[in-house]
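The values are calculated or read from the model by the stated rules, or taken from the named source; none is laboratory data. Since this is a predicted model, take the numbers as computed values, not measurements. Every residue, glycine among them, receives a Cβ derived from its backbone with ideal geometry; neighbour counts consider all protein chains shown. Only protein heavy atoms, including side chains, enter the accessible area calculation; ligands, DNA and RNA are left aside. Shrake-Rupley method; radii C 1.70, N 1.55, O 1.52, S 1.80 Å.
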Amino acid sequence: MYEKIRDEITREFYKQNFSNDGQRFVAWYVHNIHGRDMIETREDVTDGPDDKHIDAIVVDDDNNTVYVIQGKFIGEGRVDAEPLREVLASWSHFKDIAKLQETGNQKLKQRLSEVATAMEDDYSVAFELIVTGQLTESARADYASFQKTLASSDDFPAEIYVIDSDELQRRYDIALERENPLISHRIQLDTERYMVMEIGGTNCVVAAIPLKDCIEFPGIKDGTLFQKNVRQSLGLNNRVNKGIKASIYGTENQDFFFYHNGITAICNNLDISNGLLTVKGFSVVNGCQSLNTILSCSEKVKELDDAFIMMRFYEIPERERADQISVSTNSQSAVKPRDLRSNDRRVLAIKRSYEGKYPQGYFITKRGEEAPANKDRTLVVDLLELGKYMIAWHSQRPNISYSENKIFDKHFEQLFSRHRDYAPENVFALSHWMQEVRLRWKKDNPLGLNESLLAMQAYAPFHHLYAVSLCFCVANNMGQGVPDPVIAYERADTADLVSQVVDSAGACLNSALEAAANEPQPPNRVFSPQNWIKTKSCLAGIRLAINQYFMMLPAMPNGRELHQRLREGLKMDADQFKERWAAD
């Protein structure tokens, strides 16, 4: 693995953007393992003078986790405890983000603004030490001690992981399969501690598994083991996870088996011979919290010879049956509403209405679901994305669009209950507006957008959609109100102005960002595009930029004709603007 990484970091991207092999190694990890694109990778790496032992920060909105990364590219030898102490120091700094932002370098200050926002949304924090060698025995003892310290902290609980050469190889292999992960694993069972049976035509294995064997399961931290689970890790601060952690570090850890309800796993195929269980298409549908907590205490777990957990393995290749088991078995900590919205009757009503109006279309309601091959891809709409579009357009709050939790918990009733008769034509229009927006967010950057915007593809495209809606407001001198999506789309399409409106909206979003970046900042503060894009202040800046664009357009070369086309082509009646849906 070391040789592979050393070869890959000689590529042009790493040489041009990072000054030494240490930075390039961290960038390689962020890009390849965390799946960040090249622009995001450049923004995430903070290594340099005054980095406070923080080489990179990745804010993962999909898993609600902030990853704080320290890297040591020191060959394939043994790694002592010094890098671990640096990670512990960075954890201490993180307890006071305001002070850390005052003393850290420029890139660190920018990333910390986004971290602060994430922490307000209850993101968990995981520290990762990546090395290309193996820890010495004394370093491993320190690792166990530090792991306990971080996990047991009441004021700032966090997880710490050492990603050594073996784990690096495993994560790299999984990253290659991330688009369609299929996990296989072998577990050696104790001949006196398992049962094989068939129930309802289904092969089952029930076994007492040593806790130390659980930390060898692939795909825990990156979430691939929990593809079919209704949720990912809730972090160490969760009440149930605190109890699991206390059981591991307590004096009665031999009773862990009796304290715990067990773990449910399904697979496409299982085979057992002489106690060796082989599972293919391995996925845990109940036990995500437990396995993440067990892994976060891995060094202590390795010392426990008498701690077991009950696991149930079911051979269930049928997808719908697997989904039902996933929902039914999650009762240890309550399933949140956002996990079950796919079967909500209001969502199903929109699906039925949309597919009835557009027979070649398909409305995806379940996470991981795919549209049939015979459907028109331009007419496929995802429930999760539709909620984000609705918040950006109807609520005029694109700064909330990134948060699935807020949309499908806090704002679900507003979006899907009060507006249960939401027209399928509007679903079509929002989807097509967003398809046009996405065409401008390609690697070739056709609009010449600021690189900071391109690094925020989880957030900024929804602000672009919001800016599209504002073009109709400004063109019709509407200070208040939200244009009807389908009427707006039909007006622009009839006048052959869809591309022009989307281009103009993107340019205005870019102008708003650059204007905000040039505003004076308080002492010891730096402008953070990632923080700005999540605040309400950016919305006023985008509206101002669009107003200025329409005012200045007639004075631009060939602008008078375009100004006239926009005014006439985007014209809508006052009653075609509706009240903004509340989302505050």
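For this structure, a couple of remarks:
- Relative contact order for the chain: 11 percent, from Cα pairs under 8 Å spaced at least 6 residues apart, divided by residue count.
- Degrees, to the nearest 10: 165-176 long Cα axis against longest axis of the chain: 40 degrees
- Close amide-amide hydrogen proximity is noted between Asp382 and Ile364, each under 5 Å apart and 5 or more residues distant or on a separate chain (H modeled in the peptide plane; Pro and chain starts excluded).
- Using a probe radius of 1.4 angstrom, the carbon and sulfur fraction of the accessible surface of region 180-221 is 47%.
- Within-9-Å neighbourhood charge of Leu295 [Cβ basis; K, R +1; D, E -1]: 0
- The distance between label points at Gln106 and Asn518 comes to 1.8 nm (points 7 Å beyond Cα on the Cα→Cβ vector).
- In plain terms, if you count all Cα to Cα distances in region 72-123 and split them into 10 Å steps from zero, the share in each step is 21, 41, 25, 12, 0 percent.
- With all protein chains in place and a 1.4 Å probe, the accessible surface of region 518-565 carries 55 percent carbon and sulfur.
- Shown for region 24-89: the carbon plus sulfur share of the solvent-accessible area, taken with all protein chains present and a 1.4 angstrom probe, equals 41%.
- Summing charges over all other residues whose Cβ lies under 10 Å from the Cβ of Glu425, with Lys and Arg as +1 and Asp and Glu as -1, gives -1.
- What separates the Cα centres of region 202-224 and region 1-74 is a distance of 30 Å.
- Solvent accessible area, Å² - Glu303, 1.4 Å probe, full protein context: 120 Å²
- Proximal charge balance of Gly22 [Cβ under 9 Å; K/R count +1, D/E count -1]: -1
- Calculated from the alpha-carbon coordinates, region 405-460 shows an Rg and a Dmax of 15.3, 41 Å respectively.
- Axis angle, to the nearest 10 degrees, between helix 106-120 and the longest C-alpha principal axis of the chain: 80 degrees.
- Sites matching trypsin sites (Lys or Arg not before Pro) across region 427-469 that sit in DSSP coil, with at most 14 neighbouring C-beta atoms within 10 Å: Lys442, Lys443
- Diffusion coefficient (Stokes-Einstein, Kirkwood radius over C-alpha pairs, 10 °C, 1.306 mPa s) for region 1-89: 117 µm²/s, rounded to a whole number.
- For the chain, a crude dipole built from +1 on the beta carbon of Lys and Arg and -1 on the beta carbon of Asp and Glu, taken about the Cα centre, is about 1440 debye to the nearest 20.
- Inter-centroid distance (Cα atoms) of region 435-473 relative to region 153-174, Å: 34 Å
- Table column - 3J(HN,Hα) (Hz), region 202-214, Karplus curve with 6.51, -1.76, 1.60, x for Gly and Pro: 10, 6, 9, 10, 10, 8, 8, 9, x, 4, 5, 6, 5
- With the whole protein complex present, Asp173 retains an accessible surface near 70 Å², based on a 1.4 Å probe.
- Å² per residue, accessible surface of the chain at 1.4 Å: 44 Å²
- Over the chain, equivalent-ellipsoid semi-axes from the Cα gyration tensor in Å: 45, 31, 20
- Oblate is the label for region 1-153, because the ratio a/c of its alpha-carbon gyration tensor axes (a ≥ b ≥ c) is 1.5 or higher and a/b is not greater than b/c.
- Candidates Ser124, Ser469, Ile248 compared by Cα position along the dipole of the chain: farthest toward the positive end lies Ser469, with charges placed on Cβ.
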